[in-house]
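Here it is, the structure, as structure tokens.
The values are calculated or read from the model by the stated rules, or taken from the named source; none is laboratory data. Treat the numbers as computed from the prediction; the structure is a model and nothing was measured. For neighbour counting, all protein chains shown are included, and Cβ atoms are generated from backbone atoms with ideal geometry for every residue, glycine included. Accessible surface areas use protein heavy atoms only, side chains included; no ligands, DNA or RNA. Shrake-Rupley method; radii C 1.70, N 1.55, O 1.52, S 1.80 Å.
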Amino acid sequence: MENFVEASSQQQFEDFLSVAGRLLTVVHFYAPWAPQCTQMNDVMEELAKEQPQVTFLKLEAEAVPEVSEKYEISSVPTFLFFKRGEKVDRLDGAHAPELTKKVQRLASSGAIPSGAKEHPQEDLNERLKRLINSASCMVFMKGSPQEPRCGFSRQLVQILNDHGIQYSSFDILSDEEVRQGLKTYSNWPTYPQVYVNGELVGGLDIIKELVESKELEKTFPKAVTLEHRLKAVINRSPVMLFMKGNKEGAKCGFSRQILEIMNNTGVDYDTFDILLDEEVRQGLKAYSNWPTYPQLYVKGELIGGLDIVKELKESGELQSVLKGEN
């Protein structure tokens with residue numbers, strides 16, 4: 001199929017964009033070990049049949065690191081949408097319905113970034129609600145608390161840290177759909193944006209006003225220690241797996257292997273994606289004295305990583321360990 005192709009170098013990637021010109025090019029950054037990427041390649045192939053004027057391009061993320069780094073690809077699958085050689089939209093994750101909608105919209109219209117002049121989609125609103133409510137205090141910012149990527153975000157992080165505010169964050173530069181959609185959803189046109197218990201507090205100026213009026217601590221939930229937070233997350237489920245990715249899709253080979261083993265046990269378990277929370281990712285290493293991921297816990301106690309789980313499987317002890325019998 002002429003419009004479903006693969007690039008194995010930066011030069012090939014740039015050549016395909018150049019040939020496509022003003023027509024839409026959809027680029028799938030994938031990993032061969034990730035089953036969700038294989039599934040999305042099948043979706044791409046079907047879309048290529050339906051949209052012969054669109055170029056669908058596969059690019060192995062780890063094989064062409066210079067392209068992945070340029071476009072800040074941190075997980076797979078990730079899809080970028082190009083017209084005239086310029087990125088006009090982005091989609092992170094294996095979301096076939098969203099991919100189909102974006103392709104149909106961008107293929108038949110001008111290159112308007114997602115959410116800029118479109119009616120908010122119900123599924124996007126639901127996603128924004130989940131993100132906003134994923135922590136009692138949620139900050140939508142450019143970059144991360146460890147590496148803010150604009151002056152306003154940097155100032156906000158400094159204020160929150162100085163006052164001991166416990167918060168989670170979302171990098172709006174990593175998701176154009178969220179970046180544009182949240183402006184409409186919250187009726188707040190700029191970033192950073194701060195939410196407490198699902199409600200918008202405001203941006204940097206509002207936070208500064210709360211500091212001056214000495215109302216900041218009253219507005220935000222009381223901070224909890226990292227140790228207390230780690231204990232709470234570890235005990236969220238009797239069997240808890242800390243990994244790169246989640247049940248729906250691993251984002252590294254070790255996590256993929258342990259998922260396959262866990263899914264074959266028939267035992268219920270929950271997962272925590274350490275890529276979404278740098279504080280937990282680093283803090284848990286010291287807390288458990290275990291330097292790598294994945295990490296498996298049963299009833300609040302560390303079992304170990306992939307090698308330990310493999311040994312337990314081979315010895316026939318895994319089922320009883322997961323049930324807390326050993």
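To the nearest 0.05, how large is the calculated FRET efficiency for TRP33 and ALA286 if R₀ is 30 Å and r is the Cβ-Cβ distance?
Numbers: r = 29 Å, r/R0 = 0.97.
So, using R0 = 30 Å, E works out to roughly 0.55.
Something else now. Please compute the contact order of the range 174-315 in relative form: average sequence separation of alpha-carbon pairs under 8 Å and at least six residues apart, divided by the residue count, as a percent. Don't skip to the end; give the middle numbers.
On the way: 144 pairs, mean separation 28.2, N = 142.
Dividing the mean separation by the residue count of the range 174-315 yields 20 percent.
If you don't mind, there's one more thing I want to ask. Hey, can you grab everything whose amide H is under 5 Å from the amide H of PHE56? Only 5+ residues off in sequence or another chain; H modelled, so Pro and N-termini drop out.
Counting only residues 5 or more places away or on other chains, the set is PHE4, VAL5, VAL26.
Rounded, prolate or oblate: which fits the range 9-85 when a ≥ b ≥ c are the square roots of the eigenvalues of the alpha-carbon gyration tensor, with rounded for a/c under 1.5 and prolate only if a/b beats b/c? Show your work: numbers first, answer last.
Values: a/c = 2.13, a/b = 1.11, b/c = 1.92.
Judged from the Cα gyration tensor, the range 9-85 comes out oblate (a/c at least 1.5, b/c at or above a/b).
How large is ³J(HN,Hα), in whole Hz, for each residue of the range 175-185 in order, when computed from phi with the Karplus curve 6.51 cos²θ - 1.76 cosθ + 1.60 and θ = phi - 60°, using x for Gly and Pro?
Along the range 175-185, the couplings run 8, 5, 5, 5, 4, 7, x, 5, 4, 6, 4 Hz.
May I ask for the Rg/Rh ratio of the range 204-266, computed from Cα atoms with Rh as the Kirkwood radius, given to two decimals?
Values: Rg = 19.4 Å, Rh = 15.3 Å.
For the range 204-266, the value is 1.27.
Same structure again: How much of VAL267 can a 1.4 Å solvent probe reach, expressed as accessible area in Å² and rounded to 10?
Result for VAL267: roughly 30 Å² accessible.
Taking the chain as a Gaussian network, Cα atoms linked when under 10 Å apart, which of VAL19, VAL194, VAL88 shows the biggest mean-square fluctuation?
VAL19
Cα gyration tensor of the range 144-279, axes a ≥ b ≥ c as square roots of the eigenvalues: rounded (a/c below 1.5), prolate (a/b > b/c) or oblate? Don't jump to the answer; show the numbers that get you there.
Working: a/c = 2.56, a/b = 1.77, b/c = 1.45.
Because a/c hits 1.5 or more and a/b exceeds b/c, the range 144-279 counts as prolate.
Further question: If you place +1 on the Cβ of every Lys and Arg, -1 on the Cβ of every Asp and Glu, and leave all else neutral, what size is the dipole of the chain about its Cα centre, to the nearest 20 Debye?
That gives the chain a dipole magnitude of about 600 debye.
At ASP15 and GLU212, where each label point lies 7 Å from the Cα along Cα→Cβ, what is the point-to-point distance in nanometres?
For the pair ASP15/GLU212, the computed spacing is 5.9 nm.
Got the relative contact order for the chain handy, in percent, Cα pairs under 8 Å and 6 or more residues apart?
Values: 492 pairs, mean separation 41.2, N = 326.
So the answer I get is 13 percent.
Distance between Cα centroids, the range 183-237 to the range 51-90: provide it in whole Å.
For the range 183-237 versus the range 51-90, the Cα centre distance is 33 Å.
Can you compute 3J(HN,Hα) from phi for each residue in the range 67-83, using the Karplus curve 6.51 cos²θ - 1.76 cosθ + 1.60 with θ = phi - 60°, rounded to whole Hz and x for Gly and Pro?
Karplus-based 3J(HN,Hα) across the range 67-83 equals 6, 4, 5, 4, 9, 6, 7, 10, 7, 10, x, 10, 10, 10, 10, 10, 9 Hz.
Let me ask something else about it. Averaging over all projection directions, find the projected area of the Cα convex hull of the range 249-291 and quote it in nm² with one decimal place.
Details: hull surface 14.3 nm².
That works out to 3.6 nm².
Something else about it: Filter the cross-link list LYS231/LYS310; LYS247/LYS310; LYS102/LYS142; LYS70/LYS101 down to pairs whose alpha-carbon distance in this structure exceeds 30 Å. Display every interim value, and only then the final one.
On the way: LYS231/LYS310 25 Å; LYS247/LYS310 18 Å; LYS102/LYS142 24 Å; LYS70/LYS101 26 Å.
With Cα atoms farther than 30 Å apart: none of LYS231/LYS310; LYS247/LYS310; LYS102/LYS142; LYS70/LYS101.
Spelling out what I want: for every residue of the range 196-212, take phi, set θ = phi - 60°, compute 6.51 cos²θ - 1.76 cosθ + 1.60 (Karplus), and round to whole Hz; glycine and proline get x.
Here the 3J(HN,Hα) series is 10, 6, x, 10, 5, 8, x, x, 4, 4, 5, 4, 4, 5, 5, 5, 5 Hz.
Does the chain classify as rounded, prolate or oblate by the C-alpha gyration tensor (a ≥ b ≥ c root eigenvalues; a/c under 1.5 gives rounded; else a/b over b/c gives prolate, otherwise oblate)?
Oblate, since a/c reaches 1.5 and b/c is not below a/b.
Let me ask another. Choose one answer from PHE81, PHE152, PHE170: the residue with the largest mean-square fluctuation in a GNM of the chain with alpha-carbon springs under 10 Å.
PHE152
Tell me which residues come under 5 Å, amide H to amide H, from GLY245 once H is placed; ignore anything under 5 positions away on its chain.
Amide H neighbours of GLY245, under 5 Å, 5+ apart: LYS251, ILE274, LEU275.
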